[in-house]
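A short write-up of the structure that comes next.
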Amino acid sequence: MSLSNATTQSNVTKKSKRRKSSNPLRRQQQTAGFLFSLPWMVGLLFLFIVPIIASLYFSLTDYSILKPGNFIGLQNYKALFLDPTFLKSMRVTFYYTVVYVPLSIILGVLVSMLLNVKFKGQALFRTAVFVPSLVPVIAIMIIWNWLLNPEIGVVNWFLELFGIHGPGWFSSETWAMPALVLVSLWTGVGGSTVIYLAGLKDVPKELYDAADVDGAGLWYKAKYVTLPLLTPVIFFQLIMGIIGAFQQFNLPFLVSGGNGNPNDSLMFFGMYQYNTAFSYLKMGYASAQAWIMFIVIMLITLIIFRSQARWVFYQGKKER
């Protein structure tokens, strides 16, 4: 055996000894990590995975809480597309999503850009914008029911100053949804503004300096510097806004008393699903509704993810 081979074998022997001596410590670390994550894994299993699997099974049955469910296959899913209330709840939910999500993004971006400029009282205005998102939902509806009251409401009183007779808002089939969108914007823009402000802080100041050297004005800096670098945040807010809009429940439930009035104009999908499950006790039918909504949200999310390559700009990303 040559000297080099002996040296190599000696080094291998020393490494194997060190590896063996470190195994007990590694096993202790792995055990400790497993024990720390065990409560979360138990919660994930029994509070998420098991209910998801159970709801998929119940959607194939006529389970109604009061009696065991019988397996009926896809009958619940077939019945959904013949249910006029279900179809109307989908239209109402889509209408709210299409109106609310773009408006919340536009207002959030505009307000955050205004609050990103240094001026006296900046902290006070930022606080005032964010506070509505902290107000409990019930308090929000008490406030806005008073503001939009057709007889003593401040909004209609203000409109009367200009000779405009205000509508009944939440009691009008035409104006109930615009009023709900208004309330949603009042509560939701503050939280999104904080996220947009964080995104604006990530825009390099050097780009604005370069734009100033080129003689660019505020509009061109906003169009060619701020908005492109803010697109990752807009993309995130778009996804979360769509998911939240499709799951809207609290505001329309409180406004309409849970029945979607006037004339089902506020019968959101989540509210119809709640009534199906807990008012009519059709748990199997409600489970099928939940899976339809999951599929709809997933498809829309996938489409938006596929489109991000065309309009979302990430700093430092190399072109292929």
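Structural remarks
- Which of Met41, Met283, Met267, Met293 has the fewest Cβ neighbours within 10 Å, and the rest in rising order: Met41, Met293, Met283, Met267
- Compared with the dominant principal axis of the Cα atoms in the chain, helix 3-44 is inclined by about 20°.
- Label reach from Val296 (point 7 Å along Cα→C-beta): in region 90-117, amide nitrogens under 18 Å belong to 90-102.
- Fluctuation leader among Tyr57, Tyr272, Tyr96 - the chain, Gaussian network, Cα springs under 10 angstrom: Tyr57
- Length gained on full extension, Phe278 to Asn261, computed as 0.36 nm times the residue gap minus the Cα-Cα distance: 4.3 nm.
- Under a 5 Å amide H cut-off, with hydrogens placed 1.01 Å from N, Thr61 pairs with Ile72 among residues at least 5 apart or on other chains.
- C-alpha long axis of helix 84-115 to longest principal axis of the chain, angle in °: 70 degrees
- Estimated from helical segments only, the mean residue ellipticity of the chain at 222 nm is -22500 deg cm²/dmol, where each DSSP H run of four or more residues counts as -39500 (n - 2.57).
- Hypothetical label at Tyr224: residues of region 287-316 whose amide nitrogen lies under 20 Å (7 Å Cα-Cβ projection): 311-316
- Compared with the dominant Cα axis of the chain, that is its longest principal axis, helix 283-311 is turned about 70°.
- Stretch gain in nm, segment Thr85-Lys67, where the contour uses 0.36 nm per residue and the Cα spacing is subtracted: 4.0 nm
- With θ taken as phi - 60° and the Karplus curve 6.51 cos²θ - 1.76 cosθ + 1.60 applied, the whole-hertz 3J(HN,Hα) list for region 186-203 is 4, 8, x, 5, x, x, 5, 4, 4, 5, 5, 4, 4, x, 5, 5, 8, 6 Hz, x standing for glycine and proline.
- Subtracting the Cα-Cα distance of Val117 and Ile152 from 0.36 nm times their residue separation leaves 8.8 nm of extension gain.
- Over all pairs of different C-alpha atoms in region 141-208, the reciprocal of the mean inverse distance, the Kirkwood hydrodynamic radius, equals 14.3 Å.
- Gyration tensor verdict on region 191-320 (Cα atoms; rounded if a/c is under 1.5, prolate if a/b is larger than b/c, oblate otherwise): prolate
- The structure-derived value of Kirkwood radius over Cα pairs in Å appears in the list (1) 22.1; (2) 20.5; (3) 24.6 under the label (3).
- With contacts taken as Cα pairs under 8 Å at a separation of at least 6 residues, the chain carries a relative contact order of 26 percent.
- Comparing Gly217, Gly73, Gly188 in a Gaussian network model of the chain, where Cα atoms under 10 Å apart are tied by springs, the biggest mean-square fluctuation is seen for Gly217.
- Residue-wise HN-Hα coupling along region 210-220, computed from phi with Karplus coefficients 6.51, -1.76, 1.60 (Hz; x: Gly, Pro): 5, 5, 5, 4, 7, x, 6, x, 4, 4, 5
- Net charge in the neighbourhood of Asn116 (other residues with Cβ under 13 Å of its Cβ; Lys, Arg +1, Asp, Glu -1) is +4.
- Karplus-derived HN-Hα couplings along region 150-161 (A = 6.51, B = -1.76, C = 1.60, θ = phi - 60°), whole Hz, x at Gly and Pro: x, 9, 10, x, 5, 5, 5, 4, 5, 5, 5, 4
- Cβ-Cβ distance of Thr174 and Tyr314, R₀ of 41 Å, FRET efficiency by 1/(1 + (r/R0)^6): the value works out to about 0.45.
Bear in mind that the values in this text are calculations on the coordinates, not laboratory data. Please read all numbers here as calculations on a predicted model, not as lab measurements. No Cβ is skipped: glycine too gets one built from the backbone with ideal geometry, and neighbour counts run over all protein chains shown.
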